[in-house]
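Just dropping this structure here.
Bear in mind these aren't lab numbers, they're just calculated from the coordinates by the rules spelled out. Worth saying up front: this structure is predicted, and the values here are computed from it rather than measured. Because the Cβ atoms are built from the backbone with ideal geometry, glycine has one as well, and the counts that use them run over all protein chains shown.
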């Protein structure tokens with residue numbers, strides 16, 4: 001088991017990020033296949049359920065009791081694996097979710113012919129997930145950033161690390177294809193545009209908006 005959330009959890013989430021587990025229905029119990037969840041070690045079950053709930057409601061909208069109920073774990077197990085309680089568990093779940101998205105970015109970069117196509121493909125996957133969830137599931141990192149308080153340092157550290165990795169991957173892609181003279185700044189702009197597009201698409205229930213934004217931010221790229 002890896003230190004950041006469990007190898008089995010990352011494999012499961014990576015498979016999901018590549019579409020192997022199908023769409024994301026409205027309920028958490030449906031989104032996480034019950035048999036697959038039961039097969040995970042207790043620590044990984046807690047992480048998987050917490051990550052799913054974060055996409056639905058963010059940090060402030062979830063509680064320990066619901067995580068325990070949905071994961072089938074008990075309070076003793078949670079504090080054994082996460083002595084820091086909810087905040088430590090959420091920070092771990094955010095790192096796992098960020099790693100799954102990082103795997104997705106790596107996949108679209110490999111499969112796309114150029115940087116613009118990679119960004120547009122990434123945006124299309126994000127929009128499809130949002131649509132499949134009936135606009136219920138947003139970005140776990142964004143949701144947690146918006147409603148976690150400044151005292152939740154573990155949560156903010158996990159969010160910064162996740163966003164930092166995504167920006168680094170996009171900047172590497174942009175530098176490789178020489179589409180901008182400041183790859184990191186361009187990568188930040190792309191990620192900010194996509195995160196904003198996802199939020200607006202969720203509010204307007206319009207997944208096409210995400211693809212439209214991706215097309216516009218990459219339109220000037222060679």
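When the chain is fully extended, how far beyond the present Cα-Cα distance does residue 176 get from residue 189, taking 0.36 nm per residue of separation?
Length difference between fully extended and current span is 3.0 nm.
I'd like the orientation of helix 7-17 relative to the chain: the angle between its Cα long axis and the longest Cα principal axis, in ° from 0 to 90, rounded to 10.
Relative to the chain, helix 7-17 is tipped by roughly 50 degrees.
Counting each DSSP H run of 4 or more residues in the chain as -39500 (n - 2.57), what helix-only mean residue ellipticity at 222 nm follows after dividing by all residues, to the nearest 500 deg cm²/dmol? Write out the running numbers ahead of the final one.
Working: 12 runs with 161 residues, N = 222.
Calculated mean residue ellipticity at 222 nm is -23000 deg cm²/dmol.
Here's another thing I want to ask about it. Quickly rank 115-128, 71-84 as a protection proxy: mean count of other C-beta atoms within 10 Å, highest first.
Values: 115-128: 21.2, 71-84: 15.1.
Top to bottom by mean Cβ count within 10 Å: 115-128, 71-84.
For the chain, take the longest principal axis of its alpha carbons; what is the angle in degrees between that and the long axis of helix 42-57, to the nearest 10 within 0 to 90?
It works out to around 60 degrees.
How high is the relative contact order of segment 33-178, given as a whole-number percent (alpha carbon pairs under 8 Å, six or more residues apart)? Intermediate results must be reported in sequence, preceding the final value.
Working: 136 pairs, mean separation 45.9, N = 146.
The value is 31 percent.
If you don't mind, another one. Can you order the peptides 208-216, 44-52 by their average number of other Cβ atoms within 10 Å per residue, highest first? All intermediate terms of the calculation are to be shown ahead of the outcome.
Working: 208-216: 17.6, 44-52: 27.0.
For the peptides 208-216, 44-52, the packing ranking is 44-52, 208-216.
Above 24 Å lies some portion of the pair distances; for the chain, what is it as a whole percent of all C-alpha pairs? Intermediate values should be presented prior to the final figure.
On the way: 10163 of 24531 pairs.
Result for the distance tail: 41 percent.
Report the Cα centroid-to-centroid distance between segment 192-222 and segment 28-100 in angstrom, as an integer.
A separation of 29 Å, based on Cα centres.
To the nearest 10 degrees, how steeply does helix 153-177 sit against the main Cα axis of the chain, on a 0 to 90 scale?
Approximately 30 degrees, to the nearest 10.
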